[in-house]
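The values are calculated or read from the model by the stated rules, or taken from the named source; none is laboratory data. Note that the structure is predicted; figures quoted are calculated from it, not measured. Every residue, glycine among them, receives a Cβ derived from its backbone with ideal geometry; neighbour counts consider all protein chains shown. Heavy atoms of the whole protein, side chains included, go into the accessibility calculation; ligands, DNA and RNA do not. Shrake-Rupley method; radii C 1.70, N 1.55, O 1.52, S 1.80 Å.
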Amino acid sequence: MGRLNEKVSYWMLVAPALTIMIVFYILPVLGIWEIAFTEPTTGVDNFVKMAESSAVKTSFVLTFRVAAITTVGCLLLGYIVAYSISNFANKFTPLMLALVILPFWVSVLIRSFSWIVLLGRSGLVNDTLRDAGIIESPLRLMHNEFGVLIAMIHVMLPFAILPMMTNMRGISDAYVKAARGLGASEWTAFWNVYFPQTIPGVMSGALLVFVLSLGFYVTPALLGGGRVLMISEYITYQIQEFLNWGLGSALSVGLLIATALVLLIASRFINLRSALLERK
Amino acid sequence: MSTPILSIRQGIKRYGSVHALDDVTLDVADGEFLTLLGPSGSGKTTLLSAIAGFIRLDEGSISLRSKDITKQPPEARDFGMVFQGYALFPTMTVAENVAFPLKVRKKPAKEIADRVAECLDLVQMGDFADRLPIQLSGGQQQRVALARALSFHPQVLLLDEPLSALDKKLRADLQWELKALHDRLGVTFIYVTHDQEEALSMSDRIVILKDGKIQQEGAPGDLYNKPRNAFVADFLGKSNFIDVTVTGREGDVLSCAADGAKFEVETDAPLEVGTKTKVALRPERLRLAEPGEEFLSAKVKQVSYLGERCQVIVTHDSLGELLLSCATWKTGITPKPDLPVSIGWDKDACVLLAPE
Ligand SMILES: Nc1ncnc2c1ncn2[C@@H]1O[C@H](COP(=O)(O)OP(=O)(O)OP(=O)(O)O)[C@@H](O)[C@H]1O
Ligand SMILES: [Mg+2]
């Protein structure tokens, strides 16, 4: 009886969120799947078209490349930040943490627009370089992959920093000390003793950034200026410009499957449960 | 003492207004088992960390075989260290942990493998070479940490409360093993603990610290029998303290008086007549007898039975409560609450403490 009651109250607590998810997310996604197989004709035509189109292939390759470079960039920069906050800062720790989290309070749209202000033809960077006499004609800093990457790394950085930092803050300084005491130089102690212990954090940061980047829309759309068509923007084109609901839906099914595959492959190498949920 | 292997001169370390180490001067003899003993926060870990090189002294110097090492980084000092929580590297197996100090010294692979096997055998962990630290019990981790600290033939082995995380029985076993290992290897051990029994049973010499200051150093027996001040007398075992005034001297014997009792103490301490100080009496040195047989009459207040011994608290009219510890197997009187008794002691049981 007690157990039954417990179960009922458990489901009552979960129900509101679950309902919202089902009605406004799961059902529409299923609708998309349906469209993918029924528009304009029933069958797998859309998927065949998708597989044959070289534009789709280019877009997928581009998407994975941008996501991969963004991930590597975020890990490199983020590792340094996470390491400094966890190991050096003391009374500045709360301030530095706030600076990492602060960008979450500003919409991605605004952050991406600010990169346009910075990187545009007569943006801050180009103007400064020209005034300083370093360049004559403006550099192409955006509406290409370079601009997309810079802004993507900026937007994704906190997602890399936070899991790595949580992981690093759980590592006692006794290990590095012990290594030094046993004769290791600072670098050897870091590389052989500290770094291996941070791999779970690095992995969960990498996974988070990579998966989020695969489906990212706003930043590539703004900084790519239509020239860097990542999959989500490509889907938008198909639907908004060509009213091609069938292919658009098929593409989003493809993206979903690709993302699921990434998680599946990752789960062979890392413990997703501990990487994403326990953050340790 | 022949030339010490390690000497610390006037070491001072401050954390804000706290003196973690306050004018510490200490010599460590080659091959000795030295214990740093003190209550929590007395500066034991700080002193050990300064010796290991993890913290820099604010003032003072440290030298190893007469060579100044005050400014050397820890990796240059060649000391083995066993940490409070062992700090075994969690991503490496037992064998890799033990091999680590040899790897960083770029020893040939063959030599490393041999030495690792040898060290693991030394601590009876040969069968566990391929396990990860989390797959070991506390006592096993402790052994691996010891093997790792010994694998590179360190000049000195530093141990920070290596047994504090273990249960009492295991601790007693490992104390014997550690001591035997020390005697076999002849390496200098500097051992930190806050457990007085551990210190007494293992050490060649004990240094007692309090508030970053050395209170007294010496062989376990000397410290126990001749504590210099009330802190040492109370920290190593238990003591009864009695406030006295010096009344006279005859050769080596100083006579003192307290309210209602007289004490004679053998000492060469130059104390003037009239000086107020304390004497300490160990509970186990006090004798319990029928009223009138000894010189101090008192009344039993409380008895607690501890198996091989029993503790008796008696009250004396002017000295207050005194603690006695008697063997339970001894025939004689059986103490019971409210029983009138008398108390006595041998002359050498009475220890004069330095005036404060
Ligand atoms: N990094 C530090 N910052 C500030 N104060 C410190 C620091 N390390 C130690 N102290 C202070 O120095 C004093 C001595 O500390 P230490 O760790 O040496 O004590 P300990 O004798 O090892 O105690 P325990 O038995 O609890 O390990 C304490 O008062 C402690 O608060
Ligand atoms: Mg300590």
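Right, B:Ser203: under 25 Å from B:Ser40 (Cβ atoms), touching a strand residue (DSSP E or B) at 6+ places or on another chain (Cβ under 7 Å) and in contact (Cβ under 8 Å) with a residue 24 or more places away in the chain or not?
Against the criterion (under 25 Å from B:Ser40 (Cβ atoms), touching a strand residue (DSSP E or B) at 6+ places or on another chain (Cβ under 7 Å) and in contact (Cβ under 8 Å) with a residue 24 or more places away in the chain), B:Ser203 qualifies.
Against the definition (within 14 Å of chain A (Cβ to nearest Cβ), of a type outside the set (Asp, Glu), in contact with a helix residue (DSSP H, G or I) (Cβ under 6 Å, 6 or more places away or on another chain) and within 16 Å of ligand 2 (Cβ to nearest atom)), how does B:Leu163 come out, yes or no?
When the stated conditions are applied, B:Leu163 does not pass them.
Which one of these does A:Glu233 not meet: (1) in contact (Cβ under 8 Å) with a residue 60 or more places away in the chain; (2) surrounded by 16 or more Cβ atoms within 10 Å (Cβ to Cβ)?
Here A:Glu233 meets the rest and fails (1).
Only one of (1) at pLDDT 85 or above; (2) under 28 Å from B:Thr247 (Cα atoms); (3) of a type in the set (A, V, I, L, M) is not met by B:Ala269, so which one is it?
Tallying (1) at pLDDT 85 or above; (2) under 28 Å from B:Thr247 (Cα atoms); (3) of a type in the set (A, V, I, L, M), B:Ala269 fails exactly one: (1).
Is there any pair with a first residue in the stretch A:57-69 that is free of Cβ contacts under 8 Å to residues at least 60 places away in the same chain and a second that is assigned to a helix (DSSP H, G or I) and open to solvent by 80 Å² or more (accessible area, probe 1.4 Å) whose Cβ atoms are under 8 Å apart and which are 6 or more apart or on different chains, and what are they?
Pairs found: none.
Counting just the residues of the stretch B:63-83 that are within 20 Å of B:Thr25 (Cα to Cα) and facing chain A (nearest Cβ under 9 Å), which one comes out surrounded by the fewest Cβ atoms within 10 Å (Cβ to Cβ)?
Taking the candidates together, the pick is B:Arg77.
From the list A:Leu124, A:Leu141, A:Leu157, A:Leu162, pick out the single residue that is surrounded by fewer than 16 Cβ atoms within 10 Å (Cβ to Cβ), away from every other protein chain (no Cβ under 14 Å) and not aromatic (Phe, Trp, Tyr).
A:Leu124
Please go through the stretch A:24-63 and pick out each residue that is under 26 Å from the mean Cα position of the chain (by Cα) and open to solvent by 70 Å² or more (accessible area, probe 1.4 Å).
A:Phe24, A:Tyr25, A:Ile26, A:Leu27, A:Leu30, A:Trp33, A:Ala51, A:Ser54, A:Lys57, A:Thr58, A:Val61
Say we look at the stretch B:181-202 and pick out the residues that are of a type in the set (Gly, Ala, Ser) and away from ligand 1 (no atom under 16 Å from the Cβ); which of these is surrounded by the most Cβ atoms within 10 Å (Cβ to Cβ)?
Looking at residues that are of a type in the set (Gly, Ala, Ser) and away from ligand 1 (no atom under 16 Å from the Cβ), I get B:Ser201.
Report those strands (runs of 3 or more DSSP E) wholly inside the stretch B:154-226 carrying at least 2 residues which are basic (Lys, Arg).
Passing ranges, in order: B:205-210.
Consider the stretch B:107-127. How many of its residues are touching a Leu at 6+ places or on another chain (Cβ under 9 Å) and in a helix (DSSP H, G or I)?
Final tally of qualifying residues: 8.
Suppose we keep only residues that are out of contact with any Phe, Trp or Tyr (no Cβ under 9 Å at 6 or more places or on another chain), polar (S, T, N, Q) and within 16 Å of ligand 2 (Cβ to nearest atom) within the stretch B:4-43. Which one would you say is farthest from B:Asp195 (Cα to Cα)?
Per the criteria, the residue is B:Ser42.
Evaluate the following for B:Leu223: is it modelled with pLDDT under 85 and in contact with a strand residue (DSSP E or B) (Cβ under 6 Å, 6 or more places away or on another chain)?
So B:Leu223 does not fit the description; no.
Taking the options A:Leu75, A:Leu13, name whichever one is under 26 Å from A:Leu208 (Cβ atoms) and out of contact with any strand residue (DSSP E or B) (no Cβ under 6 Å at 6 or more places or on another chain).
A:Leu75
I'd like to verify a number: residues in the stretch A:174-215 that are under 30 Å from B:His153 (Cα atoms) and either assigned to a helix (DSSP H, G or I) or more than 7 Å from chain B (Cβ to nearest Cβ) (or both), how many?
Looking only at that region, the number is 20.
So, in the stretch A:186-227, of the ones that are open to solvent by less than 10 Å² (accessible area, probe 1.4 Å) and of a type in the set (Val, Ile, Thr), which residue ends up farthest from A:Leu141 (Cα to Cα)?
Ranking the qualifying residues of the stretch A:186-227, first place goes to A:Val193.
Suppose we filter the stretch B:281-307 for residues that are touching a residue at least 60 places away in the same chain (Cβ under 8 Å) and in contact with a Lys or Arg (Cβ under 8 Å, 6 or more places away or on another chain); how many remain?
So the answer is 1.
Based on this model, can you work out whether B:Gln135 counts as free of Cβ contacts under 8 Å to residues at least 60 places away in the same chain and buried (at least 17 other Cβ atoms within 10 Å of the Cβ)?
Taking the combined requirement at face value, the residue does not satisfy it.
Scan the stretch B:39-54 and report the pairs whose first residue is within 14 Å of chain A (Cβ to nearest Cβ) and whose second residue is among the small types (Gly, Ala, Ser), with Cβ atoms within less than 7 Å and a gap of 6+ or a chain change.
Once the first residue is within 14 Å of chain A (Cβ to nearest Cβ) and sits in the stretch B:39-54, its partners that are among the small types (Gly, Ala, Ser) give B:Thr46/B:Ala20; B:Ala50/B:Gly11; B:Ala52/A:Gly181.
Is there a residue being assigned by TED's automatic domain parsing to the domain that holds B:Asp27, away from ligand 2 (no atom under 16 Å from the Cβ) and farther than 30 Å from B:Lys278 by Cβ anywhere in the stretch B:195-211?
Checked against the condition, which is being assigned by TED's automatic domain parsing to the domain that holds B:Asp27, away from ligand 2 (no atom under 16 Å from the Cβ) and farther than 30 Å from B:Lys278 by Cβ, the stretch B:195-211 yields no hits at all.
Across the stretch B:167-192, what is the total count of residues that are out of contact with any His (no Cβ under 6 Å at 6 or more places or on another chain) and either within 16 Å of ligand 2 (Cβ to nearest atom) or not aliphatic (A, V, I, L, M) (or both)?
Of the residues in the stretch B:167-192, 17 are out of contact with any His (no Cβ under 6 Å at 6 or more places or on another chain) and either within 16 Å of ligand 2 (Cβ to nearest atom) or not aliphatic (A, V, I, L, M) (or both).
Looking at the stretch B:134-151, which of its residues are within 13 Å of chain A (Cβ to nearest Cβ) and closer than 23 Å to B:Phe189 by Cβ?
Selection gives B:Gln141, B:Val144, B:Ala145, B:Leu146, B:Ala147, B:Arg148, B:Ala149, B:Leu150, B:Ser151.
So, of the residues in the stretch B:6-61 that are surrounded by 16 or more Cβ atoms within 10 Å (Cβ to Cβ) and among the basic types (Lys, Arg), which turns out to be farthest from ligand 1 (Cβ to nearest atom)?
Result: B:Arg9.
For the condition away from every other protein chain (no Cβ under 14 Å), under 14 Å from B:Leu150 (Cα atoms) and surrounded by fewer than 16 Cβ atoms within 10 Å (Cβ to Cβ), what is the one hit in B:Ala113, B:Ala109, B:Ala117?
That would be B:Ala117, the only listed residue that is away from every other protein chain (no Cβ under 14 Å), under 14 Å from B:Leu150 (Cα atoms) and surrounded by fewer than 16 Cβ atoms within 10 Å (Cβ to Cβ).
Which residue out of B:Ala87, B:Ala99 is within 15 Å of ligand 1 (Cβ to nearest atom), within 14 Å of another protein chain (Cβ to nearest Cβ) and farther than 28 Å from B:Leu236 by Cβ?
Going through B:Ala87, B:Ala99 in turn, just one is within 15 Å of ligand 1 (Cβ to nearest atom), within 14 Å of another protein chain (Cβ to nearest Cβ) and farther than 28 Å from B:Leu236 by Cβ: B:Ala87.
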